[in-house]
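Report on the structure given below.
The values are calculated or read from the model by the stated rules, or taken from the named source; none is laboratory data. Note that the structure is predicted; figures quoted are calculated from it, not measured. Ideal geometry is used to build each Cβ from the backbone, glycine not excepted, and the neighbour counts take in all protein chains shown.
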Amino acid sequence: MSEGRDDDIRRDEARLHAYHDGELRGFARRRFERALRRSSGLRRELGEIAAIGDSLRAYDAGTATPDLWDDIALRLPALDARRAEGGSSAGRSEGLFWWLKPIGAVAATAAVALVVAYGGLFTTTPATGGAVRWIDSGDRSVMVLDDEPGTTIIWVLDGAVEGASRGGSRARV
Amino acid sequence: MRGSRFTTGFTLAVALGWLLGASAAVAEEGRIPVEVLVAHLSSEGSGVDPSAERLDRKLRGQFKYSSLKVLQKRRLDLAIDEVGTLDLPNGKAARVRPISKTDTGVLIAVDVEGAAKMDVRAKSGHLIVIRAGAYEGGNLVLSLEPDYE
């Protein structure tokens, strides 16, 4: 009985989100709008969902949040490498959990397959990073020049320079 | 009988030698040779050190300078996680530590005091050039080049 009610609630929630996101069409949309007119609870929930969306949009628009993804993405390979190094010592303490390994391997394979598939189909910008995987120059600006194959120049400036770039034909030493 | 003992002894010695040689080779395989060069770039004076011609070729198109002097040249032969330290002429130090080696190259952590810390991935022969700060009216430059089979 209770399970049936939970299912109904879950179904209503799913429909509510779908309606809010404009994903309900045709007959399903008309039927949900009819239910919405009848139920004050549904209308209240819809209002709450809309309010959350509005407040998130207002936060994004009003807050100058730095884009940290590049820093995180640069750091990941190094972390992976360290994790791989730690793998041998972790292996010694795995104890009774050896049987989880195949599950992990399957999950990893699936993840790699997804990355390859989606990366290949939807990547619109070239991969960034090049040779430099992570860099911390404190408050100094850095130019990374890796136009030429087989060479990466990491030019750490003495201070923070607004819009630091190679500039002109050649930068002065 | 005596000949047979000699043959057995000789075979054992050869086998032992081969085993020792093989283990030494395995140990060598794990090491990562890195060519390190510390150079001074300046707009005063002239001339390019012949031992830094490759570095000059790479930098010439990007930066303006009239003199390139090699101050230090070393070959570090490091194991994974082993730290190689260089004392730079500006009183700072540079530390190099290979983190891992894969088909895509060697991941190396580099810490140049007073400049930056970084992780770089480079295949054998890839030249990494890092400005290590100002020095005697010019710039101190550190170049790293992994050189492995």
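In the set B:ALA116, B:ALA134, B:ALA93, only one residue is small (Gly, Ala, Ser), touching a strand residue (DSSP E or B) at 6+ places or on another chain (Cβ under 6 Å) and facing chain A (nearest Cβ under 10 Å); that residue is B:ALA116. Within the range B:64-92, being surrounded by 15 or more Cβ atoms within 10 Å (Cβ to Cβ), of a type in the set (Gly, Ala, Ser) and within 18 Å of the chain's Cα centre (by Cα) holds for one residue alone: B:GLY84.
Any idea which residue in the range B:91-113 is nearest to B:GLY138 (Cα to Cα), counting only those that are outside any strand (DSSP E or B) and out of contact with any Gly (no Cβ under 6 Å at 6 or more places or on another chain)?
B:GLY91
Taking (1) surrounded by fewer than 21 Cβ atoms within 10 Å (Cβ to Cβ); (2) modelled with pLDDT of 95 or more; (3) aliphatic (A, V, I, L, M); (4) under 24 Å from B:GLY45 (Cβ atoms) in turn, B:ALA134 satisfies each apart from (2). Within 12 Å of chain A (Cβ to nearest Cβ) and under 24 Å from A:ALA131 (Cα atoms): does that describe B:LEU78? Spelling it out, it is not the case that B:LEU78 is within 12 Å of chain A (Cβ to nearest Cβ) and under 24 Å from A:ALA131 (Cα atoms). Residues of the range A:9-27 that are assigned to a helix (DSSP H, G or I) and either touching a residue at least 24 places away in the same chain (Cβ under 8 Å) or under 24 Å from A:ALA51 (Cβ atoms) (or both): A:ILE9, A:ARG10, A:ARG11, A:ASP12, A:GLU13, A:ALA14, A:ARG15, A:LEU16, A:HIS17, A:ALA18, A:TYR19, A:HIS20.
Picking from residues in the range B:101-113 that are more than 7 Å from every other protein chain (Cβ to nearest Cβ) and hydrophobic (A, V, I, L, M, F, W, C), the one that is nearest to A:VAL156 (Cα to Cα) is B:VAL112. If you go through the range B:96-112 and keep only what is among the hydroxyl-bearing types (Ser, Thr, Tyr) and surrounded by fewer than 18 Cβ atoms within 10 Å (Cβ to Cβ), you end up with B:THR102, B:THR104.
Taking the stated definitions as given, is A:ALA18 at pLDDT 75 or above, small (Gly, Ala, Ser) and surrounded by fewer than 11 Cβ atoms within 10 Å (Cβ to Cβ)?
The answer is no for A:ALA18.
Only residues that are within 7 Å of another protein chain (Cβ to nearest Cβ) and touching a strand residue (DSSP E or B) at 6+ places or on another chain (Cβ under 6 Å) were counted across the range B:119-131, and they come to 9. Scanning the range B:34-56 for residues that are farther than 21 Å from B:ARG74 by Cα and without any contact (Cβ under 8 Å) to a residue 60 or more places away in the chain returns B:GLY45, B:SER46, B:GLY47.
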